[in-house]
Each structure stands twice: as structure tokens, then as C-alpha cells.
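Step one of this worksheet: look at the structure below.
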Amino acid sequence: MISYQVERKAMKQKIFKKPKEFQGYLMKPKLKTRKDLVEVSQIMIVHKDLKEKVLLGQFHVAFRKLLKMIMNLSEEGTESSGKIELAFNEITKMKQILKEKYKQNVRIEEYHSLVKKVKFLDKELKEAMIKQANLMELLYQKQMEQEYQEERGRGR
């Protein structure tokens, strides 16, 4: 693999080979390229502010996706028990990514705000799980009461 560094100073743009020993955030872009252009398989972001912006953008996309999933769980009712486990797994995965990737590459204040957001999601998911358990218990009680009434009605 050949590494290149692109620098832009004023109006001059330079592209030159660079050794592989520099530190940065490595990402794979999800771009569809035309056949006549250069295909980019990986990008290493070295600039600290740009690295932070990219990571925060990725976090916010994942956060919105997970928040929608949790809000849908609280609205669905009884048929969402498997989806709750999936959401718990996603939150655990997000916590792990925060520890590994974001703690090193994002400012401490930003990192703490991201941790608070994940804790908020965890709290919302637990509330949705409690609502589901209460709803299941209520449905079970109604079913048992209905069966008791039917059994009592047949006895006469």
C-alpha cells in the first residue's frame, strides 16, 4: 500500500509520498467512486480537530439510531423482548467503543458528555424494559382472571 499526504497551503496543493509511521485515526470511507477516479480504501486523519469532528459525527449518527430504536421499543409493547436485548448489546458495544476510541481522540469534556448520553440511553432502555414487564404482568393477570371467570361460569 502506498501512503500519500495531501497538504493545502493557500492556493497550492501538494501530494507527496509519506512514510507509514504517523499516528492518526484510520477510517474507511463509504464512497462510491467512478471508474475513472482514484479509489480510496482508507483515510488516516492526523489533524486533531478534524479527527474529533469525524468521531463526534459518527457518534451522533449511532446515538440517533439507537435512540430511535429505544423509543420504538417503549411504544411497541409486548412483542419487543428480543429487540430489548439487541438494544442492550448495542449500548454495551457503544460503551466499549467510547472507552477504546473516543477517550484517546476526543477532548475530556466532550468524552464526558458522550458518556452522559450513553448513560441516558441505558436509563431509557431500562425504563422501557420495566414498562414491558408491567404490561406483560397486567396481560397475564387479565388472562388468568378471564380463565377463572370461564371456569366458574361452566360450573353452574
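Please treat every number below as a calculation from the coordinates, not as lab data. Source: prediction; values computed, not measured. Virtual Cβ from ideal backbone geometry, glycine too; neighbours counted across all protein chains shown.
Assorted remarks:
- Segment 56-134: relative contact order as a whole-number percent, Cα under 8 Å and 6+ apart: 43 percent
- Summarising the label geometry, the points placed 7 Å from Cα in the beta-carbon direction at residue 148 and residue 99 lie 4.8 nm from one another.
- Whichever aspartates and glutamates have a C-alpha closer than 18 Å to that of residue 30, once near sequence neighbours (fewer than 8 apart) are set aside: 39
- Listed from fewest to most Cβ neighbours within 10 Å, the set 52, 75 follows the order 75, 52.
- You can think of it this way: the chain between residue 137 and residue 120 has 3.5 nm of extra reach, that is 0.36 nm per residue less the Cα-Cα gap.
- Cross-link check: pairs 35/68; 99/131; 68/93 evaluated at a Cα-Cα cut-off of 27 Å; pairs beyond the cut-off: 35/68; 99/131.
- Listed by Cβ neighbour count within 10 Å, with the fewest neighbours leading, 61, 118 appear as 61, 118.
- Between the beta carbons of residue 60 and residue 31, assuming R0 = 22 Å, the FRET efficiency works out to 0.65 to the nearest 0.05.
- Proxy reagent accessibility, fewest Cβ within 10 Å first, across 68, 51: 68, 51
- Listed pairs 53/83; 51/117; 95/126; 65/116 exceeding 23 Å between Cα atoms: 53/83
- For segment 118-134, 3J(HN,Hα) per residue [Karplus equation, 6.51 cos²θ - 1.76 cosθ + 1.60, θ = phi - 60°, Hz, x = Gly/Pro]: 5, 5, 4, 4, 4, 5, 4, 5, 5, 5, 5, 5, 5, 4, 5, 5, 5
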